[in-house]
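What follows is a set of notes on a single structure, which appears directly below.
Throughout, read-outs are computed from the coordinates displayed, never taken from laboratory work. These numbers were taken from a predicted model, which means no experiment stands behind them. Here Cβ is always computed from backbone atoms with ideal geometry, including for glycine, and neighbour counts include all displayed protein chains.
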Amino acid sequence: MQSLLFLCVANSARSQMAEGLARQIFGPEAQIQSAGSRPTTVHPLSIQVLQELGIDASQHYSKSVQAIDLNTVDLIITLCADEVCPVVPAQIERLHWPLPDPAAPAADEAAQLENFRAVRDQIKGRLELLKATQSVTQFLQPAEFHLSIRSQDLPASVAFYSSLLGAAPKEWTHRYAIFHRPELQLNFVILVDDGLSLHQDTLYHLGIGVADRAAVIAAEHHARGLGWPIVKPARTTWRGTPLHELWLQDPDGNAIEIYARLSPAELAQMPADQAPVFLTEAGQVEEA
């Protein structure tokens, strides 16, 4: 995304705050504009709440969408909630973030200031997520998903998820239940909560299945390039379900397993001691 346009009706509050925040978040490499279908003037509280974050919007002014060359715009974000938003050309990518107008009448000046701050913070959070999505340049190609969660009442959880997933578990014991929905590319396991901390050995995790050994190795290189925490480097494991696997940690500390099932030829290479085989030189160095 190179050019971003924020639209509302008056170009007084929401779109002005969005313009100031986007300039701060995306930096000078992006072209940031705002406009309205019936522009008025920039609301003083828009300027004030941006200044609280170190953003100088004192030179901002309201402008009409008619003054914008839409041929130069890559993405339009409309911010109207109850009002009728400006018409957006169909050929331009659009996002709609319906946010309440903070300039609407409030109980008093303090309440209106808090309304501006609340909308400002919502816009800021959404823009930060937008930037995060724009920074992704490479994707894994998942073949299936495996999700394991804990339950303090296994029968109740099985009844709930059987209804939610539209199928009974394919297998269960007194300790776990396994749901399999191949049309959803989903393996879902519910385990009795044993009170253990979450890590790669407790089975509470998200698993992302990829095509083969090479894809697991590629995932490790991708993770290292992005600075993701690697809990266990790419390796082939034989105990339990034989897999090529890579264990990561997401930003909140959740365990993530990237895995590929072994082919019959790979299974035939299982060593007598079933010791794991590391798949990258970096992984071998880490284990040494």
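Across Arg261, Arg175, Arg14, mean-square fluctuation computed from a Gaussian network of the chain (C-alpha pairs under 10 Å connected) peaks at Arg175. Beta bridges per DSSP, both residues in the chain: antiparallel share near 50 percent. Axis of helix 154-165 versus longest Cα principal axis of the chain: the two differ by about 60°, to the nearest ten degrees. The chymotrypsin sites (Phe, Trp or Tyr not before Pro) of the stretch 95-203 that DSSP puts in a loop, and whose beta carbon has at most 12 other beta carbons within 10 Å, are Phe139.
Average 1/r across all pairs of distinct alpha carbons in the stretch 144-287, invert it, and you get the Kirkwood radius: 16.3 Å. For the stretch 106-200, the Cβ-based charge dipole about the Cα centre amounts to some 260 debye (Lys, Arg positive; Asp, Glu negative; other atoms uncharged). For the chain, adding -39500 (n - 2.57) for each run of n ≥ 4 DSSP H residues and dividing by the number of residues yields -9000 deg cm²/dmol at 222 nm. Counting Cα-Cα pairs of the stretch 37-159 in 5 Å increments starting at 0 gives whole-percent bin shares of 2, 7, 12, 15, 17, 13, 8, 7, 7, 6, 4, 2, 0. Once the chain from His221 to Gln24 is taken as fully extended at 0.36 nm per residue, the excess over their C-alpha distance is 67.8 nm. Using only Cα atoms, locate the centre of the stretch 1-38 and the centre of the stretch 219-288, then give the distance between them in Å, rounded to an integer. Answer, in whole Å: 44. What is the Cα centroid distance between the stretch 147-169 and the stretch 59-115, reported in whole angstrom? Between the Cα centre of the stretch 147-169 and that of the stretch 59-115, the gap is 43 Å. Under the combined filter of DSSP loop state and at most 13 neighbouring Cβ atoms within 10 Å, the stretch 1-70 retains these GluC sites (Glu not before Pro): Glu29, Glu52.
Round to the nearest 10 and give me the degree value, 0 to 90, for the angle of helix 213-226's Cα axis relative to the longest principal axis of the chain. Once rounded, the angle reads 40 degrees. Largest GNM mean-square fluctuation among Ala211, Ala13, Ala90, using the chain with Cα springs under 10 Å: Ala90. A DSSP coil position with no more than 15 other Cβ atoms inside 10 Å describes the following chymotrypsin sites (Phe, Trp or Tyr not before Pro) in the stretch 1-101: Tyr61. Its alpha carbons give the stretch 1-93 an Rg and a Dmax of 12.4, 37 Å.
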